[in-house]
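Let me begin by presenting the structure, written as structure tokens, before commenting on it.
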Amino acid sequence: MPAKNARPESSGFSTEERAAMRARANELRAEGKKGAKKADDLQAALERIAQMAADDRALAERVHATVTANAAELSPKTWYGMLAYANAAGAIVVALKNSGKFNTRYSTLEFQGAANLDDGEMWPVSYALTKWSPAVEKKIAELVRAAIS
């Protein structure tokens, strides 16, 4: 006789999602509380880029160069194990979800709530990146400058 409290099996979180949650927990611990050692966010971001597969790494390096050149006030860091950039208040403005992170077809550049991209009642906040070009660099530079305006 089955137990009344038995729950149907759930697929739950994927391995990649659990890894992202663990990465975020580690990031929060590294930020520290009450005098604990604070992590070097830039170094963590650069290490995250170095750990990426070659195609993702090349794209992330270009994104990093473009964001830092166009928004010096944003600080690179990791966020849920992804390359991200935060404003002075610590809010994430933009993050790169590389394709290898969740085994997706393409990487995405994602603007968060702190980004000033509002345009009416609906606007895009996530952009698929398949390869780097001067046109892509120009568009990302424009978006990042708008996001911090």
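The values are calculated or read from the model by the stated rules, or taken from the named source; none is laboratory data. The model shown is predicted, which means the values in this text are computed figures rather than measured ones. Cβ sites come from the backbone with ideal geometry, for glycine too, and all protein chains shown count toward neighbours. Side chains included, ligands, DNA and RNA excluded: accessible areas come from the protein's heavy atoms. Shrake-Rupley method; radii C 1.70, N 1.55, O 1.52, S 1.80 Å.
Things to note:
- Residues satisfying the stated conditions in segment 112-128, i.e. more than 24 Å from Glu73 (Cα to Cα) and surrounded by 10 or more Cβ atoms within 10 Å (Cβ to Cβ): Ala128
- Residue within segment 64-77 that is assigned to a strand (DSSP E or B), of a type in the set (Lys, Arg) and closer than 24 Å to Arg18 by Cβ present: yes
- Some residue of segment 107-127 being assigned to a loop (DSSP other than H, G, I, E, B) and in contact (Cβ under 8 Å) with a residue 60 or more places away in the chain: no
- Criterion: touching a residue at least 40 places away in the same chain (Cβ under 8 Å), more than 13 Å from the chain's Cα centre (by Cα) and open to solvent by 30 Å² or more (accessible area, probe 1.4 Å) - qualifying residue of Glu142, Glu73, Glu61: Glu73
- Test result for Glu31, open to solvent by less than 80 Å² (accessible area, probe 1.4 Å), of a type in the set (D, E, K, R) and either in contact with a strand residue (DSSP E or B) (Cβ under 8 Å, 6 or more places away or on another chain) or at pLDDT 95 or above (or both): no
- Subset of segment 93-110 [touching a strand residue (DSSP E or B) at 6+ places or on another chain (Cβ under 6 Å), surrounded by fewer than 21 Cβ atoms within 10 Å (Cβ to Cβ) and not polar (S, T, N, Q)]: Tyr106, Glu110
- Condition broken by Leu46, with the remaining ones in (1) surrounded by 14 or more Cβ atoms within 10 Å (Cβ to Cβ); (2) at pLDDT below 90; (3) outside any helix (DSSP H, G or I) satisfied: (3)
- Residues in segment 82-99 that are among the basic types (Lys, Arg) and either in contact with a His (Cβ under 7 Å, 6 or more places away or on another chain) or touching a residue at least 40 places away in the same chain (Cβ under 8 Å) (or both): none.
- Failed condition for Thr130, given (1) in contact with a Phe, Trp or Tyr (Cβ under 9 Å, 6 or more places away or on another chain); (2) at pLDDT 95 or above; (3) among the hydroxyl-bearing types (Ser, Thr, Tyr): (2)
- Members of segment 49-58 that are open to solvent by less than 40 Å² (accessible area, probe 1.4 Å) and in contact (Cβ under 8 Å) with a residue 40 or more places away in the chain: Met52, Asp56
- Among the candidates Tyr85, Tyr80, residue that is within 9 Å of the chain's Cα centre (by Cα), surrounded by 13 or more Cβ atoms within 10 Å (Cβ to Cβ) and modelled with pLDDT of 95 or more: Tyr85
- Every residue from segment 100-112 that is at pLDDT 95 or above and small (Gly, Ala, Ser): Ser107
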